Amino acid sequence: MLREIITIDEGKCNGCGLCVPGCPEGAIQIIDGKARLISDLFCDGLGACLGHCPEGAITIEKQEAQPYDERRVMENIIQAGPNTIKAHLAHLKEHGETVFLKTALDVLDEKKSPIPGDFKSAEPGSCGAQAGGCPGSRTLSFDRKKTAESAEAAMQSELSQWPVQLHLVSPNAPYFRSADVVLAADCTAFAVGDFHRRFLRGKALAIACPKLDEGQDIYLAKLTAMIDQANINTLTVVMMQVPCCGGLLSLAKKAVEAAGRKIPVKKVVVSLQGEILQEGWV
């Protein structure tokens, strides 16, 4: 089947092994001095290993691969001990993979293996109250109807999710599925006084700086996954008038070109004083 899976550039890999503990599924091993993907079955394509490679040798690409097998992954992880089990469950939770999480918990129950305390209360389709990992990158959706009841209309935030930084968001998070997405340069929300009302109402958000952020290949992979896997409807790129911001629109266009499906892309250019200089579909 055609799906997202990691690819390791052997020329860039120095065999440091930092990616190995970063993959709780056990899909990567150091063999003959290089990191190797030992089985398609173990790679979920979510990229937990990406941030651990100092050489940028690991990327996510769409290619023919065997379907990811959560049951086989768990049978392998159980042998690695409780810390690896907990890291894997937290990894699934943070990426909104509720189906895989339920399968993992079912396997633990079948094998009479202890379930980490944070997940004992997890019901089918849920992820428990606390799943570990960085609290700042935990996937959250907000109920704006309830918030509106206790806030003045002029002060109402239209942000409907967390996190928002492109390195932290999961392209498979529930709030991206079939959504209209805003990809905004970091500075735009500070320049446009009514940014929330004008751009965020009813939309999902990802923010990035095309000049200062590292890992542009990761950004490209995530945007492509949003299009192909989350099936987003539209992508609106909001950027400043400064030349370096054009890189954000370039990323969006490359993602559409790389994706298997096509979606409309809107370009919005904001002046340094917060005026809308350009707005239209590209």
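What follows draws every value from the coordinates through simple rules; no lab data is involved. Note that this is a predicted model, so its numbers are computed, not measured. Glycine also receives a Cβ, built like all others from the backbone with ideal geometry; neighbour counts cover every protein chain displayed.
Selection of segment 170-198 for residues being basic (Lys, Arg) and either under 21 Å from Pro264 (Cβ atoms) or surrounded by 17 or more Cβ atoms within 10 Å (Cβ to Cβ) (or both) yields Arg177, Arg198. Kindly indicate whether Ala208 is in contact with a Leu (Cβ under 9 Å, 6 or more places away or on another chain), among the hydrophobic types (A, V, I, L, M, F, W, C), closer than 19 Å to Val169 by Cβ and surrounded by fewer than 18 Cβ atoms within 10 Å (Cβ to Cβ). No: the conditions fail for Ala208.
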